[in-house]
Amino acid sequence: MRLKKYSLKQKIMIGKKIKRVCESHKVKFIINDDPWLTKKIDADGCHLGQKDMIINEARKIIGDKIIGVTCHNSIKLAKNAIKSKASYLAFGAFYSSKTKKTKFNATTKTLIKVKKLTNIPIVAIGGINDSNYKNLLLNKANFLAISDYIWNNKKYKPEKATDILK
């Protein structure tokens, strides 16, 4: 759940609804940026950007839940996250994205290098759609974070867009 422009009260209300949906579909519910909100909602984990709280501090708040870390395109950031026992490593953007400005560009070479360092799951982020997702999976990404293609697709509704990626 990534809600940058909502109040805490709104985030809690929306988060509780999303949690129920996730539980009914047996999928993990991850909160962006906020370990305190993760604990309050009892989500499955949180995702930390490089300007957010460090993993060790987040771990004190949420315990043994999932903590993912943004590594942009950096092997150094990945090594730090591995050392701090991140649950997953997120890299990107791999392609241009309308969801947020692309400051860092990752490549499939980054994925391959990181896979040689660790077995921690890797999430690919940024501009992923039906024409480029397979390349990321073939080059060692374990998961894909896909937003714009699903929610802002002019051709397909979210359910159909998701089905195309299966």
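The values are calculated or read from the model by the stated rules, or taken from the named source; none is laboratory data. Quick caveat: nothing in here was measured; it's all calculated off a predicted structure. Note that we place each Cβ from the backbone using ideal geometry, even for glycine, and neighbour counts take in every protein chain shown.
What the table below lists for this structure:
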| item | result |
| --- | --- |
| Close pairs from segment 134-159: first within 22 Å of Asn119 (Cα to Cα) and in contact (Cβ under 8 Å) with a residue 12 or more places away in the chain, partner among the basic types (Lys, Arg) and in a helix (DSSP H, G or I), Cβ under 7 Å, at least 6 apart | Lys140/Lys115 |
| Options Gly63, Gly92; residue that is on the phi > 0 side of the Ramachandran plot and surrounded by fewer than 19 Cβ atoms within 10 Å (Cβ to Cβ) | Gly63 |
| Some residue of segment 77-90 being within 18 Å of Ser147 (Cβ to Cβ), modelled with pLDDT of 95 or more and in the same structural domain as Trp151 (by TED's automatic domain parsing) | yes |
